[in-house]
Every structure is written in C-alpha cells, then in structure tokens.
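Worksheet: one structure, shown below.
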Amino acid sequence: MANTPDHPGGDDFTFTTGEGGETHQQVANDAGDARPESRLTTNQGIRVSDNQNSLKAGARGPTLLEDFVLREKIFHFDHERIPERIVHARGSAAHGVFECTDPIPELSKASLFAEKGKETPVFTRFSTVAGGAGSVDTPRDVRGFAVKFYTDEGNWDLVGNNIPVFFIQDSIKFPDLIHSVKMEADRGFPQAASAHDTFWDFISLMPESMHMIMWAMSDRAIPRSLRMIEGFGIHTFRLVNAEGKDTFCKFIWKPQLGVQSTLWDEAVKIAGADPDYHRRDLFEAIDTGAFPAWDLFVQTFDEDFASKQPYDVLDPTKLIPEEVIAPRKVGTMTLNRNPDNFFAETEQSAYCPGNIVPGIDFSNDPLLQGRLFSYLDTQLKRLGSTNFHQLPINAPKCPMHNFQRDGHMQTAVPKGRANYEPNSLSDNGEDGGPRECPETGFTTFTANDERNDGGMKVRERGELFADHYSQARLFFRSQTEIEQAHLASAIVFELSKVMIEAVRIRVMARLRNIDETLAKRVADGLAMDLPVKAKAAREPIDMDDSPALSIQQSYDIPMKGRKVAILFDEGSDKSSIDTLKSGIEKDGGTAFLVAPKVGALKLKGGTLAADGQLAGSPSVLFDAVACAMMPDNAKKLAKDSAAQGWFMDAYAHCKTIGYCPATKEFILDKLGIEPDAGVIPNADFLGVAPARHWDREPKVRMLA
Ligand code: HDE
C-alpha cells in the first residue's frame, strides 16, 4: 500500500484510491507508530493499519463481512447509548473533597464527621428532574443535588434536591407524579416543562403538593448557576453516636457564593442562547480554578421536639424553619476537578439513598422508605449488571470484600475457593475470606419511634400529614414583595398554558387556603373569577415568618463567581476596558469581552480580541454589562438589533449597565433606558455590579 499524502484535498488524510485501486493510508499513523500508547488497536489489542477505509473486494467493490475492524467499531458504536435516568436525566458533575470543620462525634460515629480537618473525597452530580439527557439547563424545575462521599467506612450517598420539601408524601405516588410532569403521553411534548395540563391536573388533585408548588413557582426553580443553589437531604434522617444514641437530623448545603436566581424571561432566553448554560458554567469555573464550595449544616432534634411541632417531622412535604432550629455547620465541600470523561463518570455514576455508613440511619419517612428500593432497581436496568458498583466512579475507596460473585461484566478476579461463609478453609492454610465485624460493622438503629401506632399494618399516614397548607402559607408569606410577585406571575404563566379550565379553577380553589391575596392575583392574571375555596383536610395555621426561606433576605450578590460583559468596538479606548476588566477580576469575577467581530480589533491604545461575538453573546449570559464605545460605533450599533436587545434585556432583567458617554447618547437614550441606581456611568460600575435592581422591575414588566 502506498503512503501518498498528495491527494486532491491536500491534507494528511487520504480517502481516495489510485487508478490501480490501491488504498492510501493516514500519514499520521506513521508518527503514532513510534509510541506504543498512541497506536490505534481493536478491543482485542490488534494494531489497526487503516482507520479510514473499510475492507472491500476491489476499490469500487462490496465491503467484506470479514472486516473485523469495521464490524467491531460499528458494533460498539451501535451500543453506545444506555437508558437515560427516568428522572434527573440531565446532569453535570464534578469531583471534590469534603472537609470536616466542626466534628460531631457526640451525635454521630460516622468517620467523616469525627475529626476537624478530616478530608473525604466526593463526586457530586447536579441535575434537572423532568427533561431528557439532551434537554436545556434552565427550565423551571427542581435541581437534584446528589453527593457521593467515598468515606473510609464505605460510600455514603446524600441524594438531595435544591428544595427542602417534596411534592408527595408517599412513594406510591411517585410514578404518577413523574408521568404527569414528563412529556404528555400521546403527543410527546412539552419537554422539560411543568406548564401543561397533565402536571397541573395531577397537582390540583394532590393538595399535599401545595407547599412544594410554592417553591417550584418561586425563583429557586430557575437558578443562575449550579454553584449558587442550596441542597437539602429533605427527609428526616438519624444520626447515631458510638453509644448507640440517636438524634433526628436534616442535612442542608449552603453555597459560599450565595443563592442566586434568574428571571423567567431571562431563563427562557438563556435556553436559546446557551442550552448548556449551567453545565458550561460549572465546568469553566472548575477549569479556571474558581472552585465552588458549599458548607454542610445539620438541623438536629429529638423525639420530644418532634412531638411538639404542628407538623410531622416524617412528612417530606414539611420543613423545620431555620429560625426554629438553627442549622449547625459540620464541614465544607469544595468541587475542584472536572470529570475526565462525561460518560464514564457523570453518566455512569449511580447514587442510592440506601448507601449509608455507620453513624447515619433512616427514619420512617414513607417517601424515603420507597426510595430505598427504587434506586438500586433502576440502576440495574440502566447500567445493565449487578456489578455496577465496580465501575470506578461507584466503587468505594476503602477496602471491599464479600462473597458476592459472578454476574454480567464481572471485573473482579477473586482468588481461592472461599466464596461461602462460614468456612474453615483458613484452618487448612487457605484464604478463608472476609468475616462479619460485630463491633465496627453497620448496625441498624432498632428502637421504635414512639408515635408509630404500635406497628400495626395499615395503609395510612400520620394525622398531621393532613395539614397541606400551613407551610405553603409560611413560604409565601416569608418572601419579599418582589419574590411574591415572581411567584404569583409564575403560577399565572403556568396556568395560562393549561387548557383545561377546570384544572385552573381547582388550583385557584386550593391557593385560597394558602393566601387569599395570592389566589386573587392569580385569578386577576388569568382574567378569571375566584372559585369557592377548596375544603382543607385540616385547617391551616399561621406560623411565624421565616426570612431564611427568602433568597433576597438571606443572600447578597457578590462579584465573586459572577460574569460581567464589556462591549467594545474598533477605536474604543483600551485603557477604560483594562480598568473595568481588572476591577472585575480583582473581586473574583470574570470579565468577558464582547464585540461585533471576534478577531483582533484596533483600539485607541492597542489591539484587543473579543471573547465572544455580539450576536452570540447576548446579555442574558452575564450578570452585568458595561461598554466602551466611540460615537461612530455607537451610532452604528444603535441600528443593530443584537445590540439593542443586549441593552434592552440587561435593563429588563434589572441588571447593572455601566455606560460610556457615546453609548448613553446614541444607544441608551434612543432605547428609552433612563439612568437609575443600576444604569450608571462606567466610573461607578464596579461598586454596584452585579446587584439586581428590583425597583426597576415594575417599570419593565407587568407582574401579577
Ligand atoms: Fe429520586 N430517583 N426518587 N428523589 N432522585 C432517581 O434514580 C425516586 C426523590 C433524586 O444524579 C432515580 O439513579 C423515587 C426525592 C436525585 O444520578 C430513581 C422517589 C429526592 C436523583 C428515583 C424519589 C430525590 C434521583 C432515577 C419517591 C430529593 C439523581 C435515576 C419515593 C431528596 C441522582 C436513578 C443522580 C434519581 C426514584 C424522590 C432526588 C428512579 C421512587 C424526595 C438528586 O430511582
């Protein structure tokens, strides 16, 4: 065979054949031959001589079945896809470390909480719930927050969400909930959206979902970044100390960058501009060394406390306000390494709430109990073998020995005859294998909860589970005015997409139990009459407001971790761009340069290449925007719809806009963008960005 690089295309790869039918080879292969690890081989380790042409009977003849290189390659490709997760299919993950900062040995004997400074490796996967694996990152949805702690006593999976309560109280309703929110059965749409008939139909018939609906309609469900969400284990768990004493516990993650959300209009536009917005944001932050971190807190309490609350602590639709039990910090998780391979790690990771370690145990929460079955079951289907725990991403990092054997894709090669227990092989000088460890092994916490009705078999729920509205009311009333307006507007939007009028009416009838003003705002927003109030299974009570439930009352927006765009064009003053850029970076933000063209542009004081082209870098992708323009360019851009949209969206999304004189005169004034606390000269920009200016919102949007 001839190595002939001079084919018509002129590059190193030849796909043509000569007159005589001889096959040309990839010249690059020659270089690869020098290093064994760069040699292309089949799965059997046989070196491949030609990765461009299949084996044919003559240059124009039929391809031969004999070509094992071709067959193997296509065979493997055909089977590349595995079933996606039935929920939480769209996810992004990273490796990291959990450091115990405040040990709690008096509460839990779990080794990861034993000593100050103790480090435990983690792999954390964030996800949306409803959409498929290829869906966009920014729909209105709950976000999954699943952490696998590779502790030295085995893997502990804390499989939580960014919302502290759930839609349903009993796992028997989970398939119904998920069927209702996924694409509708006959038409296959909408993808990754709750704004449709079947979801709201189900919800309207399930009053226990009302508390979670408040959260799902709040700004929490449209996060700015996965780095800026809280995480909650939701269920009441149990901590168990070395003396066997138990304490109830709820787990809470708080992001060090603060919680921040987008606006609905912004989230919708981001979905078009960058469907991978959250995945890219997480990857880029870690890639550039800006490692996101979360503090882990516990809320702990005993049966006495539990019995005095107006809700049941086993009910996953209820939370314990932070003002009632202050969260106590136990450690910090830092995500510091991106996966090397998305499929092998992120996709094949398998979390299971049933993976717990000595010192942590379950409660009788009926939703948690159902989950204990589901995850293992679904993972067998998804990953195809009971041996999925051997995949590197799922394998414990501590020693693992047992007598489970064989099965599809077994990769362990156990030695010897010991595959049963008890055995006396070691008496005969053979390896007898591992033994149970009564002292240090996991023992289930056995004491009964006092209020479980003596363990009679019933298909019932605890009495207080029937209070469906008190905490929904607590959540709504704890929000700021603008947060309440966003929430009401979100319900109006969602119900406007519901075509069955009876469903809208049923939802509004339930809202009246939460808050009359909310119900009224929704009815007005839909131009519908308020229906008769739905009968509550248990009359709601008024709880004390909990400011911790409000993002705006709990978190400021620092520059750290935020992304700010600076728009410029040919002739712009480089020094003013440099000043803005270094100011943003000094405070831990990222400056992103935007121009109509991306190649190096000649500026006053040097040349500069943009990071992104204007049309491909809309302002929805940034936390704040600034600009440095000359009059001629500003006049030109004033006629460009991408530039107009850039400023109009930043204004409508209540972002800070830093302006130069030319931009103000020729663009902002023409667009009717008036100076306010956030539309300011560049000189004031760094002190204000990236705050959002909510006072502006009523001027730019009709809110319910
Ligand atoms: Fe899940 N859930 N879930 N879930 N869940 C799954 O497991 C399930 C629930 C959560 O990044 C599945 O491996 C049932 C609550 C996260 O891989 C499945 C019930 C919470 C993830 C499953 C619930 C969660 C899942 C699908 C009601 C917050 C993604 C794929 C009893 C505390 C984990 C898989 C990852 C994934 C079942 C309710 C969180 C089908 C039956 C409540 C973060 O097993």
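The residues of segment 214-236 that are touching a helix residue (DSSP H, G or I) at 6+ places or on another chain (Cβ under 6 Å), in a loop (DSSP other than H, G, I, E, B) and away from the ligand (no atom under 14 Å from the Cβ), listed by number, are Met217, Ser218, Ile222, Ser225.
Taking the residues in segment 482-509 that are among the charged types (D, E, K, R) and surrounded by fewer than 17 Cβ atoms within 10 Å (Cβ to Cβ) as candidates, determine which candidate is nearest to Val268 (Cα to Cα). Step by step, filter segment 482-509, then rank; the result is Lys497. When Ile163, Ile172 are checked against the criterion of being modelled with pLDDT of 95 or more, closer than 22 Å to Asn364 by Cα and surrounded by fewer than 18 Cβ atoms within 10 Å (Cβ to Cβ), a single residue qualifies: Ile172. Could you go through segment 392-408 and let me know if any residue there is part of a helix (DSSP H, G or I), of a type outside the set (D, E, K, R) and within 14 Å of the ligand (Cβ to nearest atom). No, segment 392-408 contains no residue that is part of a helix (DSSP H, G or I), of a type outside the set (D, E, K, R) and within 14 Å of the ligand (Cβ to nearest atom).
Would you be able to say whether some residue in segment 495-517 is in contact (Cβ under 8 Å) with a residue 24 or more places away in the chain, within 27 Å of Arg692 (Cα to Cα) and either outside the structural domain of Trp694 (by TED's automatic domain parsing) or not basic (Lys, Arg) (or both)? No. Summed over segment 75-132, the residues that are of a type in the set (D, E, K, R), surrounded by 23 or more Cβ atoms within 10 Å (Cβ to Cβ) and away from the ligand (no atom under 13 Å from the Cβ) give a count of 0. Contact annotation: residue pairs with Cβ atoms under 9 Å, 6 or more positions apart or on different chains, pairing a residue in segment 466-491 that is free of Cβ contacts under 8 Å to residues at least 60 places away in the same chain with a partner that is aromatic (Phe, Trp, Tyr), are Glu481/Trp694; Gln484/Phe476. Confirm whether Ile360 is within 16 Å of the ligand (Cβ to nearest atom) and either charged (D, E, K, R) or surrounded by 15 or more Cβ atoms within 10 Å (Cβ to Cβ) (or both). Yes: the conditions hold for Ile360.
Within segment 133-184, being within 13 Å of the ligand (Cβ to nearest atom), of a type in the set (Val, Ile, Thr) and more than 22 Å from Glu494 (Cβ to Cβ) holds for Val147, Val159, Ile172. Within segment 622-644, restricting attention to residues that are in contact with a Pro (Cβ under 9 Å, 6 or more places away or on another chain) and surrounded by fewer than 18 Cβ atoms within 10 Å (Cβ to Cβ), which residue is nearest to Arg280 (Cα to Cα)? The residue in question is Ala642.
Among residues of segment 79-105 that are of a type in the set (D, E, K, R), those with a beta-carbon under 6 Å from a residue that is not in a strand (DSSP E or B) at least six positions away or on a different chain give the pairs Glu84/Ala133; Arg90/Gly131; Arg90/Ala133; Arg90/Ser135.
For segment 419-428, the count of residues that are in the same structural domain as Ile234 (by TED's automatic domain parsing), among the polar types (S, T, N, Q) and not in a loop (DSSP other than H, G, I, E, B) is zero.
For segment 73-127, the set of residues classified as small (Gly, Ala, Ser) and over 24 Å from the mean Cα position of the chain (by Cα) consists of Ser108, Ala110, Ser111, Ala114, Gly117, listed by residue number. Would you check if Ser619 is buried (at least 24 other Cβ atoms within 10 Å of the Cβ) and either among the hydroxyl-bearing types (Ser, Thr, Tyr) or under 21 Å from Asp684 (Cα atoms) (or both)? So Ser619 fits the description; yes. Selection of first residues in segment 214-233 that are farther than 21 Å from Phe251 by Cβ and of second residues that are basic (Lys, Arg) and away from the ligand (no atom under 13 Å from the Cβ), restricted to Cβ pairs under 6 Å at least 6 apart or on distinct chains, gives the following pairs, ordered by first then second residue: Ile222/Arg140.
The values are calculated or read from the model by the stated rules, or taken from the named source; none is laboratory data. These figures come from a predicted structure and were not determined experimentally. Cβ: placed from backbone, ideal geometry, glycine included. Neighbour counts: every protein chain shown.
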